[in-house]
1. Yes or no: region 314-337 includes at least one residue that is over 28 Å from LYS287 (Cα atoms) and either without any contact (Cβ under 8 Å) to a residue 40 or more places away in the chain or among the aliphatic types (A, V, I, L, M) (or both).
2. Does any residue in region 247-264 that is over 17 Å from VAL387 (Cα atoms) and assigned by TED's automatic domain parsing to the domain that holds ASP386 come within less than 9 Å, Cβ to Cβ, of a residue that is β-branched (Val, Ile, Thr) and surrounded by 13 or more Cβ atoms within 10 Å (Cβ to Cβ) six or more places away or on a different chain, and which pairs are these?
3. If we scan region 350-367, do we find a residue that is at pLDDT 90 or above, out of contact with any His (no Cβ under 7 Å at 6 or more places or on another chain), surrounded by fewer than 19 Cβ atoms within 10 Å (Cβ to Cβ) and of a type in the set (Gly, Ala, Ser)?
4. Which residues, counting only those in region 188-237, are within 23 Å of ILE352 (Cα to Cα) and without any contact (Cβ under 8 Å) to a residue 12 or more places away in the chain?
5. Counting just the residues of region 294-336 that are in contact with a helix residue (DSSP H, G or I) (Cβ under 7 Å, 6 or more places away or on another chain), modelled with pLDDT of 90 or more and more than 21 Å from ASN389 (Cα to Cα), which one comes out surrounded by the most Cβ atoms within 10 Å (Cβ to Cβ)?
6. Among the residues of region 280-310 satisfying the criterion of being in a loop (DSSP other than H, G, I, E, B) and among the aliphatic types (A, V, I, L, M), which is farthest from LYS416 (Cα to Cα)?
7. Within region 236-257, work out how many residues are surrounded by fewer than 14 Cβ atoms within 10 Å (Cβ to Cβ) and over 22 Å from the mean Cα position of the chain (by Cα).
8. Taking the residues in region 195-209 that are charged (D, E, K, R) and modelled with pLDDT of 85 or more as candidates, determine which candidate is farthest from ILE281 (Cα to Cα).
Amino acid sequence: MSSKRGRPVDSIQPNLKKGKSSKDIDEPRASQSPKNGQDIPEEGKKPKSSSLSWRANGYPAVEGLGYSKLPEPAPSTVTIPHYAVQYDLFQCSSSFESPTGSSERDRFIIKKGAKEDLDNSIKDYNYSSPSDDDEIEAAYDKQHRRNEARLERRDLVFELTQEKARRMAQAVKVPKEAQMGEGEKSLYLELALRGCKPVMFHHWRTDFATLPESLFTADDTSDEEIANLKFKSRARSEFHAIKAMKDILSLGCQIRDCQVLDVYPPNVVRKAILKFLRWAIDDGGLKTTCETIPVYIIQVQKPNEAALKTVTKLVDRLISHAARHQVAYGEPDEPYWPTLIGFVLCGPIATILSLDSDPYSPAWKAAPDSRVKFMGQFNLTEPGQDVWNSLALAISLIHVRETMVQLATTYPQNPKTPSFRDQMGELDDEDN
């Protein structure tokens, strides 16, 4: 039988008639040169096993026939040098089996269109040398020294801030002409020195990263200083304390939003005060009843009401509550007379007043108008004063909690005072 050109088939395929398969024949025709720059194997020898072997693409060479056209490799198949694999320049995930059966990582399957980027990366790659290692080590040492210098500067700033706060604390004194009780003096100094001494734990910096360093304790703070911290949890977890602090520190932003939202600012301030006070009382493990005489008063200015009239109402209420406390406690052997706190809310301005309920204090011998002491006035819309104004309100409310705890400890059986709860309930986050 002959082909169309007159050549017998047996002369074209002599090896196939002897039972040899195409897989056993590896030698291509010499007239056909392979692609990709591959060398033609010598006659009678199999091609060497490499990443560019004839079997790499799965196409065998047939002796006598050769390749009429060498098949093109898959468009997503490229060859990566050994050094690129060694230094993990290309994050590929597959390999192939060589004809000898050993696994080689010379060929990887990467995304289409990445061959140009691959070639450019190989050209730009520089082998690591001892000089490169020295440069890397020098850069690391430089960064390490820079970090140490930054930490030293931070410690120095913290020490200077603490020293400044101590000097300011020594300069602030209670006016001699002011006839204040012990509770009023303590509150006055705490409000005047806010920001000059620590009021929160040092590990709270993570939650209040923008607050000054002087508001937090140092790492080596003594137990006595920790016991005198204002903002700390008693019965609840610190999570509730941090949340309460965050809420009251955002009061300034809420008051400025009232101008846009057309909301009455005193109501927003009253709501924030009650919310913080609710946490403080619950954290102290206290409970009150309808018979409990309050130790704080919140007076909100009504629309179209004069500010002086609002202040007069608060003063009258403070004196009335102080008289009730005096009657309720009688004349015990070791009396404790609470200091009452009043909040006057006129627009965005909060004014804090105080009254010592001790009937034997010099203030009760003077005129009724001079019994109430002025602690401070704070404009909650003042730019740059959000933290300090909110701290003033929070310090006053913590003073209210301490007063209630002292009353519950001194008069445990008196129904007119707060009492401790035996079982702590869940914190109620609902707003009244």
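1. Checking region 314-337: not a single residue is over 28 Å from LYS287 (Cα atoms) and either without any contact (Cβ under 8 Å) to a residue 40 or more places away in the chain or among the aliphatic types (A, V, I, L, M) (or both).
2. Listed pairs, sorted by first residue: CYS258/VAL268; CYS258/THR381; GLN259/THR381; TYR264/VAL300.
3. Among the residues of region 350-367, not one is at pLDDT 90 or above, out of contact with any His (no Cβ under 7 Å at 6 or more places or on another chain), surrounded by fewer than 19 Cβ atoms within 10 Å (Cβ to Cβ) and of a type in the set (Gly, Ala, Ser), which makes the answer no.
4. Result: ASN228, single match.
5. Among residues in region 294-336 that are in contact with a helix residue (DSSP H, G or I) (Cβ under 7 Å, 6 or more places away or on another chain), modelled with pLDDT of 90 or more and more than 21 Å from ASN389 (Cα to Cα), the one surrounded by the most Cβ atoms within 10 Å (Cβ to Cβ) is VAL295.
6. ALA306
7. Looking only at that region, the number is 1.
8. Among residues in region 195-209 that are charged (D, E, K, R) and modelled with pLDDT of 85 or more, the one farthest from ILE281 (Cα to Cα) is ARG205.
The values are calculated or read from the model by the stated rules, or taken from the named source; none is laboratory data. None of the values given here were measured: they were computed from a predicted structure. Heads up, the Cβs are rebuilt from the backbone with ideal geometry, glycines too, and the neighbour counts pull from every protein chain shown.
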